[in-house]
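A quick write-up on the structure given underneath.
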Amino acid sequence: MHHTDEGFLARVREAPDDDGLRLIYADWLDEQGDPRGEFIRVQIALARVPQYDRRRGELVRVERDLLGRYADLWAAPFHGLATGPVFRRGFVDEIKVTARQFLAHAHAIFEAGPVRHLHVLDLGSHVAPVLTSPHLARLTGLTVFGQHLGDTLARAVAESPYLSGLKLLHLGRNRIGDAGAEQIVSAPGLAALEDLDLGENELGEPAGLGLAGCPRFDRLRRLELGGNAVGPVAAGRLADPDRFSLLDRLGLAGNRIGGPRLVTTPRASALFRVSSLDLSGNGLTAAGLEWLLGDATAAGVRELDLGHNDLGDAGVDLLAGTPTLAGLRMLRLNANHVTGVGLETLARSPYLSRLAALDVSHNPIGDGGFLAVMESPILRGLRRLTFTEIGISHRVRLELGMRYNREPVSIW
């Protein structure tokens with residue numbers, strides 16, 4: 001690496017949020033005939049263009065082409081230090097590293113590029129030395145997934161003096177319980193979090209209520225709690241706009257929200273204000289869904305996952321007749337005992353004209369239901385239809401294949 005090249009890289013490392021420095025470097029690379037200049041420019045553009053903007057198509061194509069040709073070369077400084085490099089804004093931003101590698105080579109890792117997100121592997125007995133490393137102060141993202149470290153991990157994260165810059169914290173599948181969640185909720189150093197994933201842990205209602213009542217997490221945009229047991233009361237409070245006014249995604253799959261207790265709790269219509277809501281696998285019936293919807297006068301939800309519940313045709317009828325769900329772009333109703341009658345009702349709904357993606361797989365729906373969808377003037381905007389082929393005639397399968405699932409879908 002030339003001295004001038006290293007000088008540019010050093011400036012980017014020192015100010016990783018400054019795109020101006022990256023673009024100056026890109027100009028210099030262009031002058032050297034280095035294709036990485038174009039790559040930096042393309043990735044910065046992708047970071048600024050909305051996810052479903054039409055301009056992304058060509059940018060993604062160029063990005064893919066450049067990565068296919070040069071990714072190994074551009075990630076070479078990390079060889080032997082880390083794996084799984086992910087490029088953002090022209091540089092390696094995210095890597096996977098074992099605890100031993102991190103402790104032995106942290107300085108070299110952060111010299112190799114402006115890394116902001118670490119996936120720490122094989123943490124095991126190294127929890128304390130890793131979580132007390134001053135090098136963590138460089139991070140905006142930390143992932144420790146599937147290591148079953150329990151509340152010990154939660155406590156170490158909460159007590160680390162070097163994580164105040166974190167915007168993303170993913171601690172899924174670690175057997176963290178209510179006590180560990182309380183540690184995280186109480187940690188003043190985690191107040192900048194925008195994305196918190198505690199999915200597939202051992203959280204109960206106390207953890208859910210603790211999160212809902214936390215005054216520090218007012219910047220949260222994404223909260224993933226799938227695969228826990230927070231229950232209906234905590235679920236309703238988590239969506240309260242007075243608590244998380246910026247919340248855009250709420251994952252509550254498999255959290256025991258349905259069941260007899262649901263209708264004895266306060267109505268939770270605020271759940272449907274978030275753009276993306278996952279309520280799959282909660283034992284919800286039509287009556288339970290009606291209770292959750294309550295008397296909502298406004299709903300911002302655009303992506304709604306109700307898969308693996310027990311809604312039946314009655315639940316679909318309820319959805320089809322709810323005006324506040326008129327903004328839905330993506331709806332998942334897989335494995336819900338929905339029949340062709342229910343799908344025909346959905347196809348007639350005056351409130352689902354914006355629907356772009358629909359999943360009705362693993363339901364006993366025959367030709368009639370799918371013909372109703374294809375013939376519906378309301379569902380003309382539907383682009384993706386996920387279905388199970390069993391019980392459908394060959395002719396209808398061919399028609400479905402010709403009409404749907406042929407282009408990317410925007411939910412925005």
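Out of the residues in the range 73-86 that are out of contact with any strand residue (DSSP E or B) (no Cβ under 9 Å at 6 or more places or on another chain) and assigned to a helix (DSSP H, G or I), which is nearest to SER125 (Cα to Cα)? Outline the logic, then answer.
So the first thing to find is which residues in the range 73-86 are out of contact with any strand residue (DSSP E or B) (no Cβ under 9 Å at 6 or more places or on another chain), and the list is 73, 76, 79-80.
Next cut, assigned to a helix (DSSP H, G or I) only: 73, 76.
Values: LEU73: 34, ALA76: 30 Å.
Checked the range 73-86; the qualifying residue nearest to SER125 (Cα to Cα) is ALA76.
On the given criteria, is ALA253 of a type in the set (Gly, Ala, Ser), at pLDDT 95 or above and closer than 30 Å to GLY146 by Cβ?
Values: of a type in the set (Gly, Ala, Ser): yes; at pLDDT 95 or above: yes; closer than 30 Å to GLY146 by Cβ: yes.
Yes: the conditions hold for ALA253.
Hey, does the range 105-125 have a residue that's in contact with a His (Cβ under 7 Å, 6 or more places away or on another chain) and crowded, with 19+ Cβ neighbours inside 10 Å? Break it down stepwise before answering.
Looking only at the range 105-125, we keep the residues that are in contact with a His (Cβ under 7 Å, 6 or more places away or on another chain), and these are 106, 110.
Filter again for crowded, with 19+ Cβ neighbours inside 10 Å, leaving 106.
Yes: one or more hits.
Filtering the range 244-274 down to residues that are in a loop (DSSP other than H, G, I, E, B) and farther than 22 Å from GLY227 by Cβ, which residue is farthest from the chain's Cα centre (by Cα)?
Step one: of the range 244-274, the residues in a loop (DSSP other than H, G, I, E, B) are 244-248, 252-259, 265-268, 274.
From what is left, the residues that are farther than 22 Å from GLY227 by Cβ are 245-246, 266-267.
Details: SER245: 18, LEU246: 15, PRO266: 27, ARG267: 26 Å.
Among those that are in a loop (DSSP other than H, G, I, E, B) and farther than 22 Å from GLY227 by Cβ, it is PRO266.
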> In the range 167-200, what count of residues is obtained for those that are in a helix (DSSP H, G or I) and either among the hydrophobic types (A, V, I, L, M, F, W, C) or under 23 Å from ASN228 (Cβ atoms) (or both)?
Replying inline: 10
>> Only one of LEU171, LEU163, LEU121 is over 24 Å from ASP248 (Cβ atoms) and either in contact (Cβ under 8 Å) with a residue 24 or more places away in the chain or out of contact with any helix residue (DSSP H, G or I) (no Cβ under 6 Å at 6 or more places or on another chain) (or both). Can you tell me which?
In response: LEU121
> Which ranges mark the strands (runs of 3 or more DSSP E) fully within the range 87-166 that have 2 or more residues being at pLDDT 95 or above and closer than 25 Å to LEU73 by Cα?
Replying inline: 91-98, 117-121
> Given the structure, is PHE87 more than 22 Å from GLY189 (Cβ to Cβ), aromatic (Phe, Trp, Tyr) and free of Cβ contacts under 8 Å to residues at least 40 places away in the same chain?
Replying inline: no
> Listed residues PHE244, PHE217; which is among the aromatic types (Phe, Trp, Tyr), within 28 Å of PRO129 (Cα to Cα) and buried (at least 19 other Cβ atoms within 10 Å of the Cβ)?
Replying inline: PHE217
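Would it be correct to say that LEU289 is in contact (Cβ under 8 Å) with a residue 24 or more places away in the chain and either in a helix (DSSP H, G or I) or within 20 Å of ALA235 (Cα to Cα) (or both)?
Numbers: in contact (Cβ under 8 Å) with a residue 24 or more places away in the chain: yes; either in a helix (DSSP H, G or I) or within 20 Å of ALA235 (Cα to Cα) (or both): yes.
The answer is yes for LEU289.
The values are calculated or read from the model by the stated rules, or taken from the named source; none is laboratory data. These numbers were taken from a predicted model, which means no experiment stands behind them. No Cβ is skipped: glycine too gets one built from the backbone with ideal geometry, and neighbour counts run over all protein chains shown.
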